[in-house]
Amino acid sequence: MADDAHVAVLGAGRIGEALIGGLLAAGWRPASRIVAADPRAERLTEVSERFGVRTESANTAAVHGADIVVIAVKPQDIDELLDEVSELLRPEQMVISVAAGIPTSAIESRLEADVPVVRVMPNTPVTVREGITGVAAGSHASSTHLDLAEELLGHVGRTVQVQETALDAVTAVSGSGPAYFALLAESMIEAGILLGLARDISTELVVQTMFGTATLLRDERLHPVELRESVTSPGGTTIAAIQELERAGVRAAILNAIQAAQRRGRELADSE
């Protein structure tokens, strides 16, 4: 696929807008080669004013002439979208689907031709270009298509290639992951307030601690056990806190929660 390929983003919500912003910020594509489609006129106005890309209210107009078509609509809206564009898509084009829980086979079965489809599962930090996205190939997608999808999504964070059967696990771990960390942050902030800290001080302490810890784990390539043990002194404050967490079954609760998320993801996929 040419280096000057046109990109159509169907759906100008948070994820679609984040992708457009990431591509432009990285210089991967100029605004003239990106088009955004959305039925909401106010969203198109916002996207056009912010990024200077072409906008269309009709998906059919956006797909025409596009080399890469990103489907970034909600899962419940994908059937209507595919009804609109299925006859227009061709094998020389490529579809990247961000629709959660929709297997590539369901999309491929609705298309008129053997269009390569790559299914991706990003998480919300893509909106600040610090996301992580699982990438999986459909039956007509080659390694070249996978590489191109990773290249595109690499501008809003990092990517991992997985088999499509693993995307439910990706969804449970990283797709839903920001909510787990937000719940932990909420609990720690409330604990700080209980101990007498002002809310803004407690919030800053917790958020920066989470950010710094994540940066250490990523950039220093530390195993979580290494980092935990480096903070935990014998007979100290941290070990007392860890004992309480273990006594409360926090580790098992996290494992059970993520497994429940995976099961629910499979149920939603089966219902489509």
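Calculated mean residue ellipticity, 222 nm, the chain: -15500 deg cm²/dmol, from DSSP H runs (n ≥ 4) at -39500 (n - 2.57) each, averaged per residue and rounded to 500. Within the chain, DSSP assigns beta bridges of which about 15% are antiparallel (rounded to the nearest 5).
Computed from point charges on the beta carbon alone (+1 for Lys and Arg, -1 for Asp and Glu), the dipole magnitude for the stretch 141-272 about its Cα centre is near 340 Debye. With both residues required to sit in the stretch 1-144, DSSP beta bridges show an antiparallel share near 20%. Among the protein heavy atoms of the chain, carbon and sulfur supply 54% of the accessible surface, probe 1.4 Å, non-protein parts ignored. Computed about its Cα centre, the charge dipole of the stretch 40-127 is approximately 360 debye, with only Lys, Arg, Asp and Glu carrying charge at their Cβ. With the biggest extent put first, the Cα atoms of the stretch 192-272 measure 49, 31, 30 Å across the principal axes.
Sort 235-244, 5-14 by packing, meaning the average of other beta carbons within 10 Å per residue, with the highest value first. Working shown, then result.
Numbers: 235-244: 10.7, 5-14: 21.6.
Top to bottom by mean Cβ count within 10 Å: 5-14, 235-244.
Separation of the stretch 199-223 and the stretch 103-160, taken as the distance between their Cα centroids, equals 29 angstrom. Comparing 161, 172, 189 along the charge dipole axis of the stretch 139-272, the residue lying farthest to the positive side is 189, per the Cβ-charge model. Between 169, 198, 260, where does the largest GNM mean-square fluctuation fall for the chain, given springs only between Cα atoms within less than 10 Å? Comparing 169, 198, 260 in a Gaussian network model of the chain, the most mobile one is 198. For residue 222, nonlocal amide neighbours, meaning residues 5 or more places apart or on other chains whose placed amide H falls under 5 Å from its own, do not occur.
Take every Cα pair under 8 Å in the stretch 146-224 that's 6+ residues apart, average their separations, divide by the length, and report that relative contact order as a whole percent. If you can, show how the numbers build up before the last one.
On the way: 21 pairs, mean separation 11.1, N = 79.
Averaging sequence separation for qualifying contacts and normalising by length gives 14 percent for the stretch 146-224.
Residues in the stretch 43-151 average 44 Å² of solvent-accessible surface per residue, probe 1.4 Å, ligands and nucleic acids excluded.
Amide hydrogen proximity for residue 132: with H placed 1.01 Å from N in the peptide plane, the residues at 5 or more positions away or on another chain lying under 5 Å are 123, 126, 158. For the stretch 147-155, backbone phi angles converted through the Karplus equation (6.51, -1.76, 1.60; θ = phi - 60°) give residue-by-residue couplings of 4, 5, 5, 5, 4, 5, 6, x, 7 Hz, Gly and Pro being listed as x. Each peptide among 33-40, 94-101 gets the average number of other Cβ atoms lying within 10 Å of its residues, and from highest to lowest they stand as 94-101, 33-40. Between the residues 104, 238, 124, the greatest Cα displacement towards the positive end of the dipole of the chain, with unit charges on the Cβ of Lys, Arg, Asp and Glu, is found for 238. From the Cα gyration tensor of the stretch 133-206, with a ≥ b ≥ c the square roots of its eigenvalues, which class applies: rounded if a/c is under 1.5, or else prolate if a/b is larger than b/c, or else oblate? Prolate, since a/c reaches 1.5 and a/b exceeds b/c. Karplus-derived 3J(HN,Hα) values for the stretch 214-228, using 6.51 cos²θ - 1.76 cosθ + 1.60 with θ = phi - 60°, are 4, 5, 4, 4, 6, 6, 8, 6, 7, 6, x, 5, 4, 5, 4 Hz; glycine and proline are entered as x. Projecting the Cα atoms of 64, 31, 136 onto the dipole axis of the chain, where Lys and Arg carry +1 and Asp and Glu carry -1 at the beta carbon, places 136 farthest toward the positive end. Rounded to whole numbers, the Karplus 3J(HN,Hα) couplings from phi for the stretch 129-145 are 6, 10, x, 9, 10, x, 10, 9, 8, x, 5, 9, 8, 9, 4, 5, 5 Hz, using 6.51 cos²θ - 1.76 cosθ + 1.60 with θ = phi - 60°, and x at Gly and Pro.
Rounded to the nearest 20 Debye, what is the dipole magnitude of the chain about its Cα centre when Lys and Arg each give +1 and Asp and Glu each give -1 at the C-beta?
Numbers: 22 positive and 38 negative charges, 142 e Å.
Its charge dipole is roughly 680 debye.
The Cα atoms of the stretch 1-73 give a gyration tensor whose axes a ≥ b ≥ c have a/c of 1.5 or more with a/b no greater than b/c, which makes the shape oblate.
Between 117, 160, 207, the GNM of the chain built on Cα springs shorter than 10 angstrom shows 207 fluctuating the most. Distances between placed amide hydrogens fall under 5 Å for residue 97 paired with 71, 118, 119, 120, all partners being 5 or more residues away or on another chain.
The values are calculated or read from the model by the stated rules, or taken from the named source; none is laboratory data. These figures come from a predicted structure and were not determined experimentally. Quick reminder, even Gly has a Cβ in these numbers, built from the backbone with ideal geometry, and neighbours come from all protein chains shown. Surface areas here come from the heavy atoms of the whole protein model, side chains and all, with no ligands, DNA or RNA. Shrake-Rupley method; radii C 1.70, N 1.55, O 1.52, S 1.80 Å.
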